[in-house]
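Asker: Sharing a structure below in C-alpha cells format, with a few things to ask.
Derivation of every value follows stated rules applied to the coordinates shown; laboratory data play no part. Keep in mind it's a predicted model, so treat the numbers as computed, not measured. When we count neighbours, we look across all protein chains shown, and the Cβ atoms used for this are built from the backbone with ideal geometry, even at glycine.
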Amino acid sequence: MVDHKVYDLVGVGIGPFNLSLAALLDDCTEVKTVFFDQKPHFDWHPGMLIVGTRLQVPFMADLVTLADPTNKYSFLNYLSEKNRLYPFYFLQRLDIPRREYNDYCQWAADGLKNCRFGKKVSSLEYMQSEKCFVITVQDMKTKEITTYKGKNIVLGTGSTPVMPKSFQGFSEEDVFHTSQFLKRQKRCRKAKSITVIGSGQSAAEVFRELLKERLDHQYQLTWITRSPSFLSMEESKLSVEQFSPDYVNYFYQFPQEKKDEIFASQDLLYKGISAHTTTDIYNLLYEHSVSGEELDVSLQVLTEVKGIEEKGDNYKILCHQWQQNKEFSHESEVVIVGTGYRPNVPDFVKKLDSYISWDDQGRYEVEADYRLRLDLPNQIYVHSGISHSHGLGSTNLGLAVHRNKVIINHLLRKEIFPIYDKYVFQNFDAEKFN
C-alpha cells in the first residue's frame, strides 16, 4: 500500500518531545506532518508510573505552554476539560504527579490527527531521484505495510533501559530493570528478600515504594550503590538555570572533547535523587523503627556490584567496597537494577549511514538547530542521543518546547516562534558579561 502524499515532516516515535512538536504544528496549514509510534497508544515509562511520584519539572513544561500559552493542548486546558482546575488550584504545587502527566499526554495524543499509534517504522531510505525519504510502516495489528514519502524526518525514538551483561540471562521475573517495576510488583510482594541496585531517581522511587509496603509483606530490603552516598539532586533555583536555552547555546560552542569533560562533571544536576524523595525515604525508615524491633532494611554505599550468580532460589550478589578494597556477597530472591538508559538509535538509521556524519565515538554529529549533519539537501531533526552535543538538558522536558520552536522555525524558514537572546538571570559566556 502506498500513501501518495509527500509530507513535509515525518516523525518517528511519539514520546513527549515529538508529541510536543505535533501539537505545536497541529494548526499549521503550511506543512503536512505525520508521526508514527509502534505502541498502541501513548504511554510514558509505564513501569514507573508509581503512585506518589512527581514530574521533576513544573507543570509549565507541558507540550506547548513555553511556546504558546494559548494553545489548546496546554496542561491548564487539559485540567479545564477534565474539570480538575479547582483541585489543582487547591493542590498549590508547581509539580504534578507523573501519572497525571501521562494522562495529559494521552489526552493530547487522542486529539492530534497527525499522530498514528500502532504503526512501526521498519525502514527509512533516501530516494535520490525525488529528493525525499521513503518510510516503510507496518500496522502492528493487521501487519499491513504502507510506504510514505517525506521531505524531512524528525527522530524521537527515546531511550532504552541499560541492563549490564552481568545481570542478563536470568529469570526476568527475578532480575529486572527498574523500568519494569510495576509489571513485577506482585512478584516483589511474594519475595522473602529484595535488593535494589543503583542510586538514581528511579532506584530511589522503587526503593521508596518497596519500603512503604515492607511492613505488610515482611521481605528483607536492601539498597546498594557504588556512590559515596545517596546524593540529592542539585535543585537550587540558580543551579537549574543550566536547564535553559542560554546554557544549551553556551555548551554547544565548545569542541567535543571539552563538552565531554563538562558533561562528566554535572552528575548531580541530572543523576541525583530529588530532595522530596530522600526525605520520604528517611521518614519511612524512621517510622519503621518506632517499634524498637530490628529493622530488616539495609542501605549500603561505596559498593560496586561485580555480578550475580544463581544460588538455589536466591541470587548471590558479588560486591566490592571500593574504598576499603573489600569483597563480600549478599543473597537476594529478587534483584532490581537501576542502571539508567541509553539513546535508542533504530537499526533503520544505519541504512542512511553513508549520509550521516558520526564522531569518533559513534555518536551523531548534530548542528546547533538539532539537525543531523547530513550529506543531503533534506533534513533529519533529532530529539534523542544528543547529550554529547547539546548537554545535560537534552532529555529535560523543560527544554522540549524550546527545541521544537527552533526546529519549526528552521523547517518553515521563518520565525514562527520568537527566539530570545536571554532567558535567565545569570551569564555563562564571558563575552556577554556587562
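Asker: In deg cm²/dmol, rounded to 500, what helix-only [θ] at 222 nm does the chain give when every DSSP H run of at least 4 residues adds -39500 (n - 2.57) and the total is split over its residues?
Answerer: On the way: 12 runs with 112 residues, N = 434.
After summing the helix terms and dividing by the residues of the chain, the value is -7500 deg cm²/dmol.
Asker: Helix 400-412 versus the longest principal axis of the chain: what angle, 0 to 90°, nearest 10, using Cα atoms?
Answerer: Roughly 20 degrees, rounded to the nearest 10.
Asker: While we're looking at this one, here's another question. Arrange the peptides 329-339, 275-285 so that the one whose residues have, on average, the most other Cβ atoms within 10 Å appears first.
Answerer: Highest-to-lowest ranking by the protection proxy: 329-339, 275-285.
Asker: What residue among Ile408, Thr142, Ile281 has its Cα farthest toward the positive end of the dipole of the chain, where the charges are +1 on Lys, Arg and -1 on Asp, Glu, each on the Cβ?
Answerer: Selected residue: Thr142.
Asker: To the nearest 10 degrees, how steeply does helix 98-111 sit against the main Cα axis of the chain, on a 0 to 90 scale?
Answerer: 20 degrees
Asker: I've got another one for you. When only C-alpha pairs under 8 Å and at least 6 residues apart count, what is the relative contact order of the stretch 303-407, in percent?
Answerer: Once normalised by length, the contact order is 14 percent.
Asker: Could you tell me what a quarter of the Cα convex hull surface of the stretch 180-254 works out to, in nm² with one decimal place?
Answerer: 7.6 nm²
Asker: Could I ask something else about it? Only residues of the stretch 58-97 count here: report those whose backbone N is under 18 Å from the spot 7 Å along Cα→Cβ of Phe417, or say none.
Answerer: 58-78
Asker: Report the paramagnetic label zone for Glu130: residues of the stretch 1-43 whose backbone N is under 19 Å from a point 7 Å from Cα along the Cα-to-Cβ axis.
Answerer: Within reach of a label on Glu130: 1-12, 31-36.
Asker: Compute the Kirkwood hydrodynamic radius of the stretch 99-189, taking the inverse of the mean of 1/r over all pairs of distinct Cα atoms, and give it in Å to one decimal.
Answerer: About 17.1 Å, per the Kirkwood formula over Cα pairs.
Asker: Highest GNM mean-square fluctuation, the chain, Cα pairs closer than 10 Å: which of Asp27, Asp139, Asp43?
Answerer: In this elastic network of the chain, the residue with the biggest mean-square fluctuation among Asp27, Asp139, Asp43 is Asp27.
Asker: OK, next. Around Lys432, what is the net charge, scoring Lys/Arg as +1 and Asp/Glu as -1 over all other residues with Cβ under 10 Å from its Cβ?
Answerer: -3
Asker: Can you tally the net charge around Glu130? Count Lys and Arg as +1, Asp and Glu as -1, for every other residue whose Cβ sits under 11 Å from the Cβ of Glu130.
Answerer: Values: positive: Lys131, Lys149, Lys151; negative: none.
The answer is +3.
Asker: Here is a follow-up. For the chain, find the longest principal axis of its Cα atoms and tell me its angle to the long axis of helix 201-217, 0 to 90°, nearest 10.
Answerer: The helix 201-217 is inclined about 40 degrees to the chain.
Asker: Looking at the square roots a ≥ b ≥ c of the eigenvalues of the Cα gyration tensor of the stretch 204-320, which shape do they give, rounded for a/c under 1.5, prolate if a/b is larger than b/c, or oblate?
Answerer: Judged from the Cα gyration tensor, the stretch 204-320 comes out oblate (a/c at least 1.5, b/c at or above a/b).
Asker: When 1/r is averaged over all different Cα pairs and the result inverted, which Kirkwood radius in Å belongs to the stretch 12-66?
Answerer: 13.2 Å
Asker: Given Cα pairs under 8 Å that are at least 6 residues apart, what percent is the relative contact order of the stretch 235-324?
Answerer: Relative contact order comes out at 16 percent.
Asker: Going from the alpha-carbon gyration tensor of the stretch 9-121, what semi-axes, largest first and in whole Å, does one get by taking the root of 5 times each eigenvalue?
Answerer: 24, 17, 11
Asker: Which Cα, out of Trp107, Ile356, Gln56, lies furthest along the positive dipole direction of the chain (beta carbon charges, K/R +1, D/E -1)?
Answerer: Farthest along the dipole direction, towards plus: Trp107.
Asker: Within a Cβ distance under 11 Å of Asp37, other residues only, what is the Lys/Arg minus Asp/Glu net charge?
Answerer: So the environment of Asp37 carries a net charge of +3.
Asker: Evaluate the relative contact order of the chain (contact order divided by residue number), counting alpha-carbon pairs under 8 angstrom at least 6 apart; express in whole percent.
Answerer: After rounding, I find 20 percent.
Asker: Using Cα positions and a limit of under 25 Å, work out the lysines in reach of Lys113, with same-chain residues fewer than 8 apart set aside.
Answerer: Cα-Cα hits under 25 Å: Lys5, Lys32, Lys39, Lys72, Lys82, Lys141, Lys143, Lys149, Lys151, Lys405, Lys414.
Asker: Along the charge dipole of the stretch 179-275, Cβ charges K/R +1 and D/E -1, which of Gly200, Ser236, Ser179 sits furthest on the positive end?
Answerer: Result: Ser179, furthest along the dipole toward the positive end.
Asker: Each label point is 7 Å from the Cα along the Cα-to-Cβ direction; what then is the distance between the points at Lys316 and Leu302, in nm?
Answerer: 2.5 nm
Asker: Which whole-number percent of Cα pairs in the chain have a distance greater than 33 Å?
Answerer: 41 percent
Asker: Can you pull the one-decimal nm distance between simple spin-label points at Asn409 and Leu295, each 7 Å off the Cα toward Cβ?
Answerer: Here the answer is 5.1 nm between the modelled labels.
Asker: OK, next. Starting from the Cα of Lys141, step 7 Å along the direction of its Cβ; do the same at Ser171; then give the gap between the two resulting points in nm.
Answerer: Going by the 7 Å Cα→Cβ label model, 3.6 nm.
Asker: Oh, and also: Go ahead and run the numbers for FRET between Ala430 and Asp267, Cβ-Cβ distance against an R0 of 22 Å, rounding to 0.05.
Answerer: Once rounded, the FRET efficiency stands at 0.30.
Asker: Just how large is the dipole of the stretch 303-434 about the Cα centre, in debye to the nearest 20, putting +1 at every Lys and Arg Cβ and -1 at every Asp and Glu Cβ?
Answerer: I would put it at about 500 debye.
Asker: Another question, if that's okay. Just for the Cα atoms in the stretch 383-434, what are the lengths along the principal axes, largest first, rounded to whole Å?
Answerer: 34, 26, 17
Asker: Using Cβ contacts closer than 10 Å as the measure, can you line up Phe181, Phe433 from fewest to most?
Answerer: Numbers: Phe181 23, Phe433 7.
Final ranking by Cβ density, sparse to dense: Phe433, Phe181.
Asker: Return P(r) of the stretch 293-434 (all Cα-Cα pairs; 5 Å bins starting at 0; whole %; ordered from short to long distances).
Answerer: 2, 7, 12, 12, 12, 10, 9, 9, 9, 8, 6, 4, 1, 0
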